[in-house]
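These notes concern the structure reproduced below.
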Amino acid sequence: MLYNFSYLLLPQQDTIYQENPPIEENTIISMILTEQFNNGGYTIVSPYTVMPERPDNTNPDYTNLIEHLFKINQTSEKLNLNSSPQNGYYIDYDEIFSRYQRIAGLSDVPLRWILFHPQAESSTKISKPAYDPETGYFLIYIQHVSSSIIRPGGSGGIYIYRYKDRELTLADYLWGWIR
């Protein structure tokens, strides 16, 4: 029972959009997180955006968009997005999981995390997405580290999506790192 519904133990978050409707950027981030992590569990997302790591080689078609991605992510900003464990992601605004990691060490998976939140399969950091309205492409950096003892590891890279008619299509992926 705990395994199937561990997200019920998560603290309830107030709705972020009380006064303002969701902006297009938040819709895109939500769609990406759902597409990447909606596999029966959920990922714990850092509430702050991160600066992407620069890839070694890039497609010339994305060069300007990559520069824009780095420009808009020079400073970390707090996300303005509601959590949705049922769709594969939980935004750790209360820093519950980051506290677990600080106590256990960044490379260790805390026992408390595993016992009380077995569906929380990973931790994730993302950048703000960079969008090119002319081509319909946008880029987002995703850094993902598994919390599984059985399948440890992680990766980080830039995902290139095509966004058209409120639908996402993964167009390309630029590896940053893998372990």
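The values are calculated or read from the model by the stated rules, or taken from the named source; none is laboratory data. Given the structure is predicted, the values throughout are model-derived calculations rather than measurements. Quick reminder, even Gly has a Cβ in these numbers, built from the backbone with ideal geometry, and neighbours come from all protein chains shown.
So, in region 137-149, of the ones that are under 18 Å from the mean Cα position of the chain (by Cα) and aliphatic (A, V, I, L, M), which residue ends up surrounded by the most Cβ atoms within 10 Å (Cβ to Cβ)?
Among those that are under 18 Å from the mean Cα position of the chain (by Cα) and aliphatic (A, V, I, L, M), it is 140.
Among the candidates 16, 72, single out the residue that is surrounded by 12 or more Cβ atoms within 10 Å (Cβ to Cβ) and either of a type in the set (Phe, Trp, Tyr) or at pLDDT below 90 (or both).
Every option except 16 fails the conditions.
Limited to region 156-179, what total is found for residues that are in contact with a Leu (Cβ under 6 Å, 6 or more places away or on another chain) and either free of Cβ contacts under 8 Å to residues at least 40 places away in the same chain or assigned to a loop (DSSP other than H, G, I, E, B) (or both)?
Looking only at that region, the number is 0.
If you go through region 138-156 one residue at a time, how many are farther than 19 Å from residue 88 by Cα and at pLDDT 90 or above?
Going through region 138-156 one residue at a time, the tally reaches 1.
Under the condition of being at pLDDT 90 or above and of a type in the set (Ser, Thr, Tyr), which residue from region 44-69 is nearest to residue 126 (Cα to Cα)?
So the residue we want is 49.
Can you find a residue that is surrounded by 15 or more Cβ atoms within 10 Å (Cβ to Cβ) and at pLDDT below 80 anywhere in region 117-136?
For region 117-136, residues surrounded by 15 or more Cβ atoms within 10 Å (Cβ to Cβ) and at pLDDT below 80: present.
Would you confirm whether any residue within region 97-110 is under 23 Å from residue 52 (Cβ atoms), modelled with pLDDT of 90 or more and not basic (Lys, Arg)?
no
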